[in-house]
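A.B. asks: Let me give you the structure first, and then I'll get to my questions.
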Amino acid sequence: MQIHHIAIDSICIDSLTGIYSILNELEIVKCKSYVRMEDELLQAVSYAMQRVILWRWYRATNRTNNATIPSINRLNIMRCGNGRPQCPDVPGIHYNVSHSNGHVYLVEDTVNCGIDIEMYERTNERTNERTNERTNERTNERTNERTNERTNEPNHRHGRIIRETLGPRCMLQCSDLLGDEGVKCWTAIESWLKYNSRGIGGLDDITVMRGTGGWFDAPFTVQQNGFRIANQIDISASLPRDVFGTVTTAREGGDLTIEYHDIDLTELLKTI
């Protein structure tokens, strides 16, 4: 399994011309539909990363067959109903993409996989919690969801969403989902949904509980109808500070090694 990373802050807006040169027309239209330039760049980089990785596989596969290699922007990348990308031109490769707050991650493997990353915005979260959750500052009344100022640890919105969405199928205490833990749990759910080609509405038959430890030491585990149908691993230790992530994989513990690659897209485009 390989995980590729691009930091958007390392790419200037002027690079869009080079990035667009390897995308197809539909992808360019999608990118330009965003109002904010930062969002346009993020989507463009996500598409470009997929094309570069898949094109490398396609060239390696077809070079020995003396096949004609098409240009990179003609590589056939499709998206199923819930938006999951797939490439019929490279049938032996499974991949998935996630991006958040200026970071794009792509996981690739020869077996099914899903990835989700989320950034935990501590400063903004504290400010928002203190503004929105308290009811009366003059009398110092506080709701149960307000930041605990003694520990400076906010009750993160991800934890609240998980409890509200799953209800009794969330086999966790409220205290299990504070701060960082709520973000990690959310990435476990999202990566599981992406692994199973489901949208965010596909939660009716899943439960979430604490991980059992062992080789796959994910802090949270997603099960379907009471059964674990895939392994999950927490990759947060290999991500930038305050970025948390989970990979869901069909691999077993002894069969998994992970390679991480930081990509300089500007330099990479020069080799295409």
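A.B. asks: Search segment 95-119 for residues that are farther than 18 Å from Trp186 by Cβ and pair each with any residue that is of a type in the set (D, E, K, R) and assigned to a strand (DSSP E or B) when their beta-carbon atoms are under 6 Å apart and the residues are at least 6 apart or on different chains.
C.D. replies: Partner pairs satisfying both residue conditions: Tyr95/Glu108.
A.B. asks: So, one more: Among the residues of segment 167-197, write down those that are assigned to a loop (DSSP other than H, G, I, E, B) and surrounded by fewer than 20 Cβ atoms within 10 Å (Cβ to Cβ).
C.D. replies: The answer is Met171, Leu172, Gln173, Leu178, Asn196, Ser197.
A.B. asks: On to the next question. Filter segment 64-87 for residues that are at pLDDT 80 or above, over 25 Å from Glu190 (Cβ atoms) and in a loop (DSSP other than H, G, I, E, B) and give the result.
C.D. replies: Ser71, Leu75, Asn76
A.B. asks: Also, quick follow-up: Mind listing whichever residues of segment 1-19 are under 15 Å from Val104 (Cβ atoms) and either without any contact (Cβ under 8 Å) to a residue 40 or more places away in the chain or in a helix (DSSP H, G or I) (or both)? Working first, answer last.
C.D. replies: So in segment 1-19, the residues under 15 Å from Val104 (Cβ atoms) come out as 2-11, 15-16, 19.
Passing the criteria: Ile8, Asp9, Ser10, Ser15, Leu16, Ile19.
A.B. asks: Turning to a different aspect of this structure: Can you tell which of Tyr58, Tyr95, Tyr105, Tyr47 is outside the structural domain of Gly202 (by TED's automatic domain parsing), modelled with pLDDT under 90 and of a type in the set (Phe, Trp, Tyr)?
C.D. replies: Details: Tyr95 fails: modelled with pLDDT under 90; Tyr105 fails: modelled with pLDDT under 90; Tyr47 fails: modelled with pLDDT under 90.
Only one candidate passes the filter, namely Tyr58.
A.B. asks: Please pick out the residue among Gly182, Gly159, Gly211 that is in contact with a Pro (Cβ under 6 Å, 6 or more places away or on another chain) and at pLDDT 70 or above. Please lay out each step first, then the result.
C.D. replies: Details: Gly182 fails: in contact with a Pro (Cβ under 6 Å, 6 or more places away or on another chain); Gly159 fails: in contact with a Pro (Cβ under 6 Å, 6 or more places away or on another chain).
None of the others qualify; the one that does is Gly211.
A.B. asks: Let me ask something else. Would you mention how many residues in segment 20-39 are at pLDDT 90 or above and assigned to a helix (DSSP H, G or I)?
C.D. replies: 9
Each row is one residue, and each column tells you yes or no for (1) touching a Phe, Trp or Tyr at 6+ places or on another chain (Cβ under 8 Å); (2) of a type outside the set (A, V, I, L, M).
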| site | (1), (2) |
| --- | --- |
| Ile8 | no, no |
| Asp14 | no, yes |
| Tyr34 | no, yes |
| Ser46 | no, yes |
| Gln50 | yes, yes |
| Trp55 | no, yes |
| Asn62 | no, yes |
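A.B. asks: Check whether at least one residue in segment 251-271 is surrounded by 12 or more Cβ atoms within 10 Å (Cβ to Cβ), at pLDDT 85 or above, assigned by TED's automatic domain parsing to the domain that holds Ile93 and touching a Ser or Thr at 6+ places or on another chain (Cβ under 7 Å), and report yes or no.
C.D. replies: Yes: segment 251-271 contains one or more residues that are surrounded by 12 or more Cβ atoms within 10 Å (Cβ to Cβ), at pLDDT 85 or above, assigned by TED's automatic domain parsing to the domain that holds Ile93 and touching a Ser or Thr at 6+ places or on another chain (Cβ under 7 Å).
A.B. asks: Moving on. Consider Met78 against the criteria (1) without any contact (Cβ under 8 Å) to a residue 12 or more places away in the chain; (2) more than 19 Å from the chain's Cα centre (by Cα): it satisfies all of them except one. Which criterion is unmet?
C.D. replies: So Met78 meets the others, but not (2).
A.B. asks: Note down all Cβ pairs under 6 Å where the first residue falls in segment 154-178 and is charged (D, E, K, R), the second is at pLDDT 80 or above and not in a helix (DSSP H, G or I), and they're at least six residues apart or on different chains.
C.D. replies: If the second residue must be at pLDDT 80 or above and not in a helix (DSSP H, G or I), the pairs left are Arg163/Cys170; Arg169/Thr207.
A.B. asks: Additional query: Any idea which residue in segment 4-19 is modelled with the highest pLDDT, counting only those that are among the aliphatic types (A, V, I, L, M) and over 19 Å from the mean Cα position of the chain (by Cα)?
C.D. replies: Of all residues in segment 4-19, those among the aliphatic types (A, V, I, L, M) come to 6-8, 11, 13, 16, 19.
Filter once more, so that each one left must be over 19 Å from the mean Cα position of the chain (by Cα): 11, 13, 16, 19.
Working: Ile11: 71, Ile13: 71, Leu16: 83, Ile19: 89.
Here the answer is Ile19.
The values are calculated or read from the model by the stated rules, or taken from the named source; none is laboratory data. Just so you know, these numbers come straight off a predicted model, no measurement behind them. Cβ atoms come from the backbone with ideal geometry, glycine included; neighbour counts cover every protein chain shown.
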